[in-house]
Amino acid sequence: MEKSELKIDLHVHCQSSRRPSQWVLQKLNCPESFTDPLTVYKIAKARGMDYVTITDHNTIEGAVEIAHLPDSFVSEEITTYFPEDKCKLHVLALDITESQHAEISGLRKNVYDLAGYLNRSGIVHILAHPFYDMNHKLTIEHFEKLVLMFNNFELNGSRDDYQNQVLAAIIKDITKHDIELLSDKHNMKPLGKNPWQKNLTGGSDDHSSLNIARMYTAVRQADTLEAFFHGLENGRAEVRGKAATPKTLGHNLYGIAYQFYKSRFSLDRYVHKDTLFQFIDCALTIPGENKDKGILTRLQDFLISRRPSVSFGNEKDSGLFDMIQKEGHRLLSQNPRMQWIRKHPRDLEMDREDDWFRFVNDVSESIIQNVGDTILDSFQKARFLNILQTIGSAGSVYTLLSPYFLAFRLFTKDRAFAEKCHAHCLSKAPKIKPDRSKIALFTDTLFETNGVAKTIRMMLNSAVKNNKSLNVITCRPGQPLMGEINFEPIGAYQLPEYPQLNMYYPPILKILDYCYQKNFTHIHSSTPGPVGLVGLAVAKMLQIPFYGTYHTAFPQYVSELTGDEDLAEIMWKLMIWFYSQMDLIYVPSGDTGKQLAEKGIPESKICLYPRGIDIQRFHPDKRNGFWKGNYKLSDQGLKLLYVGRISREKNLGMLVEAFKKIERQAPDARLILVGDGPYRKEMENQLNGSRVMFTGVLTGERLARAYASSDLFVFPSATDT
């Protein structure tokens with residue numbers, strides 16, 4: 001029976017690809033891919049591919065190894081360059097001979113020579129992932145030249161879907177007139193019979209065998225390889241499958257590293273001994289063959305199993321490894337999905353990337369909570385050596401998560417270049433996505449009693465009232481209350497000086513993934529706590545501007561609360577480090593900006609953002625006997641009003657002493673304190689017998705009338721900004 005169509009994944013790698021990657025694989029000292037060519041062939045056929053090829057970088061060794069098998073052909077992925085500036089490109093050359101590979105190897109340093117040769121020789125060739133800027137040199141001018149040289153462009157299965165959408169829209173929009181204009185602009189003759197007729201192909205660009213045939217090319221009414229290529233060159237190719245996400249790339253990087261070390265250290269012997277190892281093996285490898293163990297291998301396994309432990313070089317590394325093992329086993333025992341994956345290693349259709357992301361996220365969250373508790377506890381007790389040691393462990397956590405961090409960074413960079421091409425080439429075409437103009441505001445506080453939380457709540461209310469989009473990201477237990485984006489914390493640390501205030505540890509991977517999907521243009525941090533630090537990390541990884549507001553003078557707070565000037569100086573160093581990472585810092589007063597500049601923040605980064613007052617709500621007309629009507633206080637006598645958090649760092653001890661002197665000279669004077677906080681009970685005891693009233697928190701019109709019905713506002717704080 002003749003086939004109505006042929007399906008081929010035109011971009012797959014195997015272990016012949018020995019070139020180290022630019023980023024994480026180089027650090028892990030493992031190759032770019034580590035999969036047997038025969039395994040690639042079997043998986044591709046099992047996933048419905050009619051023909052199989054391997055496109056390793058600048059070599060045909062992997063493809064030649066399976067060339068004797070039916071329905072296979074030899075191909076390669078060529079690394080080539082623009083000779084004028086060494087901008088790097090990748091080109092797929094399909095169904096080639098060994099002699100053609102030799103010719104290609106001699107020409108690949110110059111993309112102009114290479115493209116001319118491929119065109120003259122009739123070799124089907126494709127420009128792979130056109131928007132992937134491999135060595136930070138790709139420009140729109142390069143892309144315009146590539147449009148003149150190539151007629152087949154790849155929608156890549158390991159790249160961002162937005163890139164593929166933009167590329168498809170540009171290719172579809174190209175006209176004969178466009179080619180003529182580009183030819184004149186760059187003084188280049190276009191290649192191909194009808195260079196304005198461009199074609200799209202699909203390939204998985206798989207390096208780990210986890211995603212073979214994730215994206216592929218189908219040609220209808222083709223029953224031979226020649227008919228497939230003929231259909232491709234004549235616009236009948238269809239791209240099928242799905243593009244990747246940063247989760248996909250991160251999963252691949254974990255898989256490549258695991259497969260390499262599994263082979264290098266013969267880790268197969270451990271897999272059947274431990275349920276966690278079985279899950280990891282299923283999540284990061286493709287199904288292997290069942291092989292009978294020889295007597296020597298079984299004896300070796302027995303001896304290994306009798307060893308008391310595995311050494312990882314030092315106690316710190318071993319402790320981290322033990323923690324990962326402990327958390328991994330706990331998660332495995334509680335997660336039916338993970339158990340199902342472990343028991344079904346040969347399910348080729350299983351989508352492992354989301355499950356692996358959840359596993360890495362959950363394990364890392366437990367470790368981060370432990371590290372965070374240790375750092376904060378050591379800071380409270382001034383155990384600075386412990387802090388340095390724990391920061392080293394935090395570095396190990398970063399290494400654990402680095403494949404995902406690098407994947408998100410890489411995808412964001414490529415997305416940015418795709419947006420430039422979109423604006424340049426499709427300015428008159430319908431937008432694929434709305435213009436980016438989105439800010440994410442990160443805050444550690446939103447519903448507590450403090451000025452920062454009050455300010456952000458007012459901003460949220462104002463945004464809702466004026467139909468504006470404000471994305472406030474916070475982290476606390478419970479559901480969102482005002483439209484904020486709330487992430488459930490992975491842990492909490494209670495500050496002894498602030499029993500009502502907890503520091504919550506945010507889930508960094510989940511927040512990173514959320515911000516990537518929402519495509520924010522700016523990150524703004526209102527606090528330098530854990531959520532603010534995650535905001536900084538997200539901004540750096542997604543390579544977007546990082547702004548902030550200097551709301552709170554924490555070093556002065558530390559000095560007031562602990563009386564330890566050395567601790568306050570350390571806090572200053574941390575604060576200056578954090579705010580120096582920002583592109584712009586908003587300060588509420590000129591004095592605060594001057595203070596930051598004196599501490600080393602460049603003045604060019606500091607922007608004055610003064611407070612405003614609602615002069616309709618806070619107006620003298622609100623003076624209406626509020627205290628007499630609501631609190632039975634006489635209208636006679638001087639009323640001193642304090643409004644704010646009742647806490648030690650507000651210098652309220654001075655207010656206590658000052659009022660005791662005042663009431664000796666003005667017996668009818670009364671001190672009224674509006675607000676609440678940890679110092680209230682102690683302050684009540686200090687002012688016992690004095691003409692003092694604590695109202696608790698007042699808001700809205702009641703607060704406005706309280707202000708207007710008082711005589712003197714007193715605010716002794718020397719730490720407020």
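The values are calculated or read from the model by the stated rules, or taken from the named source; none is laboratory data. Model, not experiment: these values are computed from the prediction. Glycine also receives a Cβ, built like all others from the backbone with ideal geometry; neighbour counts cover every protein chain displayed. In case anyone asks, the SASA skips ligands and DNA or RNA and just uses the protein heavy atoms, side chains included. Shrake-Rupley method; radii C 1.70, N 1.55, O 1.52, S 1.80 Å.
The C-alpha atoms of the range 198-275 occupy a region whose extents along the principal axes are 53, 28, 20 Å, arranged from largest to smallest.
Taking each residue as 0.36 nm, the span from residue 84 to residue 688 lengthens on full extension beyond its C-alpha to C-alpha distance by 209.2 nm. In order along the range 459-470, the phi-based Karplus estimate (6.51 cos²θ - 1.76 cosθ + 1.60, θ = phi - 60°) of 3J(HN,Hα) comes to 5, 4, 4, 5, 5, 5, 4, 9, 6, 10, 8, 10 Hz; Gly and Pro are listed as x. Taking 0.36 nm per residue of sequence separation and removing the Cα-Cα distance, the residue 413/residue 619 pair yields an extension gain of 69.0 nm.
In the context of the full set of protein chains, residues of the range 152-274 present 42 Å² of accessible surface per residue (probe radius 1.4 Å, heavy atoms only). As a fraction of the 1.4 Å probe accessible area of the range 29-88, surface on carbon and sulfur atoms comes out at 52 percent.
The magnitude of the dipole of the range 649-690, with charges of +1 and -1 set on the Cβ of Lys/Arg and Asp/Glu and taken from the Cα centre, is near 100 debye.
Computed over the Cα atoms of the range 46-124, pair by distinct pair, the Kirkwood hydrodynamic radius stands at 13.1 angstrom.
Remark: the range 504-660 carries 47 Å² of accessible area per residue (probe radius 1.4 Å; ligands, DNA and RNA excluded). Amide hydrogen proximity for residue 5: with H placed 1.01 Å from N in the peptide plane, the residues at 5 or more positions away or on another chain lying under 5 Å are 221, 222. The ratio of the alpha-carbon radius of gyration of the range 98-138 to the globular-protein estimate 2.2 N^0.38 Å is 1.29. Backbone phi angles across the range 355-370, fed through the Karplus curve with coefficients 6.51, -1.76 and 1.60 (θ = phi - 60°), yield HN-Hα couplings of 5, 5, 4, 5, 5, 4, 4, 5, 5, 5, 4, 5, 5, 4, 4, 5 Hz in residue order; Gly and Pro are listed as x. Measure off, as a whole percent, the carbon and sulfur share of the 1.4 Å-probe accessible area of the range 634-691, all protein chains present. Roughly 44 percent of what the probe reaches on the range 634-691 is carbon or sulfur.
For the range 529-652, just say rounded, prolate or oblate: build the C-alpha gyration tensor, square-root its eigenvalues into a ≥ b ≥ c, call rounded for a/c under 1.5, and beyond that prolate if a/b exceeds b/c, oblate if not. It comes out prolate by the Cα gyration axes.
Close amide-amide hydrogen proximity is noted between residue 606 and 585, each under 5 Å apart and 5 or more residues distant or on a separate chain (H modeled in the peptide plane; Pro and chain starts excluded).
Compared with the direct C-alpha span, the chain from residue 657 to residue 457 gains 68.6 nm at full extension, assuming 0.36 nm per residue. Each principal axis of the Cα cloud of the range 442-491 was evaluated for its coordinate range; sorted largest first, these ranges are 35, 20, 16 Å. Computed over the range 114-229, the quotient of the alpha carbon radius of gyration and 2.2 N^0.38 Å is 1.12.
Charging the Cβ of each Asp and Glu at -1 and of each Lys and Arg at +1, and nothing else, the dipole of the range 134-283 about its Cα centre rounds to 200 debye.
Remark: spin-label model distance residue 354-residue 576 equals 4.8 nm, labels positioned 7 Å along the Cα→Cβ axis. With the full set of protein chains in place, find how many percent of the accessible area of the range 93-132 is carbon and sulfur; take the probe as 1.4 Å. Its accessible area is 44 percent carbon and sulfur atoms.
Output needed for the range 58-182: three equivalent-ellipsoid semi-axes, defined as square roots of 5 times the C-alpha gyration tensor eigenvalues, in descending order, whole Å. Display every interim value, and only then the final one.
Numbers: eigenvalues 129, 57, 43 Å².
The three semi-axes for the range 58-182 are 25, 17, 15 Å.
Roughly how far apart, in whole Å, are the Cα centres of the range 527-555 and the range 81-124? Taking the Cα centre of the range 81-124 as reference, the centre of the range 527-555 is 46 Å away.
Taking θ as phi - 60° and the Karplus parameters 6.51, -1.76 and 1.60, the scalar couplings of the range 115-128 work out to 4, x, 5, 4, 5, 5, 7, x, 7, 5, 9, 9, 7, 7 Hz in sequence order, x denoting glycine and proline.
Projecting the Cα atoms of 474, 514, 503 onto the charge dipole of the range 442-599, computed from C-beta unit charges around the Cα centre, puts 514 farthest toward the positive end. The orientation-averaged projected area of the convex hull spanned by the Cα atoms of the range 162-248 comes to 7.6 nm².
Simple point charges give the picture: +1 on the Cβ of Lys and Arg, -1 on the Cβ of Asp and Glu, and for the range 61-200 a dipole about the Cα centre of about 460 debye.
Each label point was placed 7 Å from the Cα along the Cα-to-Cβ direction; for residue 326 and residue 608 their separation is 5.4 nm.
Between residue 687 and any residue 5 or more places off or on another chain, the built amide H atoms are never under 5 Å apart. Placing dummy labels 7 Å off each Cα toward the beta-carbon, the span from residue 230 to residue 711 is 10.3 nm. With a Förster radius of 41 Å applied to the beta-carbon distance between residue 180 and residue 517, the computed FRET efficiency rounds to 0.55.
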